[in-house]
Amino acid sequence: MNLGVKKNIRVTERFSADATFNFINVLNHDQLLDPTLNISGQNPQTFGQLSTEGTIPRTIEFGIRVNF
């Protein structure tokens, strides 16, 4: 789940600023990929385990734009 917030701040009649906040993967919920089916690998004890994450971790971006 992603979230974006934008606020326009008016300083004067001619000058304003936009503040933006973007949150990617807000809940930080893991989406695991399917297990591998290779039992001849280096570590056969991990056969069938769900350990590879398919999503990106939580990311936060901030931005300011000045308009005149």
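Given points 7 Å out from each Cα along the Cα-Cβ axis, report the Phe15 to Asn67 separation in nanometres with one decimal.
1.6 nm
Using Cα centres only, tell me the gap between segment 1-25 and segment 54-68 in whole Å.
Cα centroid to Cα centroid, the span is 10 Å.
A short reminder: the numbers here are calculations on the coordinates, not readings from a lab. These numbers come from a predicted model, not from an experiment. Glycine gets a Cβ as well: all are built from the backbone with ideal geometry, and neighbour counts include every protein chain shown.
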